[in-house]
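A.B. asks: Take this structure, written in structure tokens, and hold onto it; I'll ask about it next.
Each reported figure results from applying straightforward, stated rules to the coordinates on display, with no laboratory input. Here the structure is a predicted model, which means the values were calculated and not measured. With ideal geometry, Cβ positions are generated from the backbone for all residues, glycine too; neighbour counts draw on all protein chains shown.
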Amino acid sequence: MTAPYLAEKFEVSRRTIVRDIDALCMAGIPLVTEQGHNGGISIMDNYKIDKTLLSTSDMQAVLAGLRSLDSVSGTSRYAQLMEKLSSDASNVLSGDDHILIDLSSRYRESLSPKIELIHSAICTARTVAFTYFAPTGETSRVIEPYYLIFQWSSWYVWGWCTRRSDFRLFKLNRMVALRTEAHFEKRPVPPPDLSQQHVFPCGYEVKAVVQPQFEWRLVEEFGPESFVRQSDGSLLFTHGFTDKTAVITWIVSFGSGAQLLEPAQFRQEIQEFAEGIRQNYEPAG
């Protein structure tokens, strides 16, 4: 890395970067600087960081992360790695047991094999073929996988989609019949934009009146700032939704406990939606 790049990345001056490099060298980390084209700052080849440079809190953070990965891997490889890292610091390992992270969700039995297959494909540069189920329909996809991502309480894979000739984010729970295929040459990978505004863009601003017995749902799903308590105790809810289907299915999930105010044009469709459900449960004959 060059000093100007590091200065821009960490939003400091180049002089600060130079001072930090000196401080790291004094701490015993062998940094090497090379001038000219393709030059820059690097750590000496084959150098391994001494565990004594990690504080107790540092080790606890590392071990908590490793423990969480076994919850989705379907193996005990990370637990074994934890034993190696903590072999000289048993107090660190035992002192970290109060942090429990489970990344597997309810779909662990189907999720773990997918994560292992995709992770192996990333490491060996092999394409992954699968059937994908989306709101727009079922499609067959082949991707060059680059990143496994845990976000919004779900697992995703970021890769180059040969069908779309572009990078795409795929939700693992919607992927079935996964299999690895041909090797591929890795291409430059842009970091995925995981902002809520990009992945879940606001298509409709929703306003609804929700009965107070459902306050826990609003707090859990959107946060306490998503509604205002009115004088009669009801909750005036406002929030953005991505599409019409999301709006309708969400509001009807409250039964008679919520009423949509805006967008007003959806009110008729909600009535038709409810009528369709009523007809499905009419007595036969």
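A.B. asks: Post the alpha-carbon centroid distance, segment 254-285 to segment 136-212, in whole angstrom.
C.D. replies: The two parts, judged by their Cα centres, are 32 Å apart.
A.B. asks: Which FRET efficiency value, to the nearest 0.05, is calculated for LEU236 and THR139 with the Förster distance at 41 angstrom and r the Cβ-Cβ distance?
C.D. replies: 0.55
A.B. asks: Semi-axes, largest first, in whole Å: what does sqrt of 5 times each Cα gyration tensor eigenvalue give for segment 101-254?
C.D. replies: Ellipsoid semi-axes (Å, largest first): 37, 16, 14.
A.B. asks: Two-decimal Rg/Rh of segment 124-199 from alpha-carbon positions, Kirkwood Rh?
C.D. replies: The Rg/Rh ratio comes out at 0.94.
A.B. asks: In nm, give the distance between the simple-model label positions of LEU194 and TYR281, each being 7 Å from the Cα along the Cα-to-Cβ direction.
C.D. replies: 4.0 nm
A.B. asks: Using the beta-carbon distance between ASN46 and ARG168 and R0 = 35 Å, what value does 1/(1 + (r/R0)^6) give for FRET efficiency, to the nearest 0.05?
C.D. replies: With R0 = 35 Å, the Cβ-Cβ based efficiency is 0.40.
A.B. asks: While we're on this one: Roughly what would the spin-label model give for ARG267 and MET26, points 7 Å off Cα along C-beta, in nm?
C.D. replies: 7.1 nm
A.B. asks: Given contacts defined as C-alpha pairs under 8 Å and at least six residues apart, what's the relative contact order of segment 202-280, whole-number percent?
C.D. replies: Relative contact order for segment 202-280 comes out at 39 percent.
A.B. asks: Here is a follow-up. How would segment 105-159 be classified by its alpha-carbon gyration tensor: rounded, prolate or oblate, with rounded meaning a/c under 1.5 and the a/b versus b/c comparison settling the rest?
C.D. replies: It comes out oblate by the Cα gyration axes.
A.B. asks: Evaluate the Kirkwood expression for the hydrodynamic radius of segment 3-43, namely the inverse of the mean inverse distance over all pairs of different C-alpha atoms, and round to one decimal in Å.
C.D. replies: 10.7 Å
A.B. asks: OK, next. Using a cut-off of 22 Å between alpha-carbon atoms, which lysines can reach LYS48, once sequence neighbours fewer than 8 places away in the same chain are excluded?
C.D. replies: LYS84
A.B. asks: Give me the one-decimal Kirkwood hydrodynamic radius in Å for segment 167-272, with the sum taken over alpha-carbon pairs.
C.D. replies: Mean inverse Cα-Cα distance, inverted, gives 16.7 Å.
A.B. asks: What does a probe at SER154 reach in segment 166-194, counting residues whose amide N is under 14 Å from the point 7 Å along Cα→Cβ?
C.D. replies: Those under the cut-off are 169-176.
A.B. asks: Ranked highest first by the average count of other Cβ atoms within 10 Å around their residues, in what order do 127-136, 216-225 fall?
C.D. replies: 127-136, 216-225
A.B. asks: Measure off 7 Å from each Cα along the Cα-to-Cβ vector at ALA177 and HIS37, then give the distance between these two points in nanometres to one decimal.
C.D. replies: 5.1 nm
A.B. asks: Give me the percent relative contact order of segment 108-196, please, defined on Cα pairs under 8 angstrom at least 6 residues apart.
C.D. replies: Relative contact order here is 30 percent.
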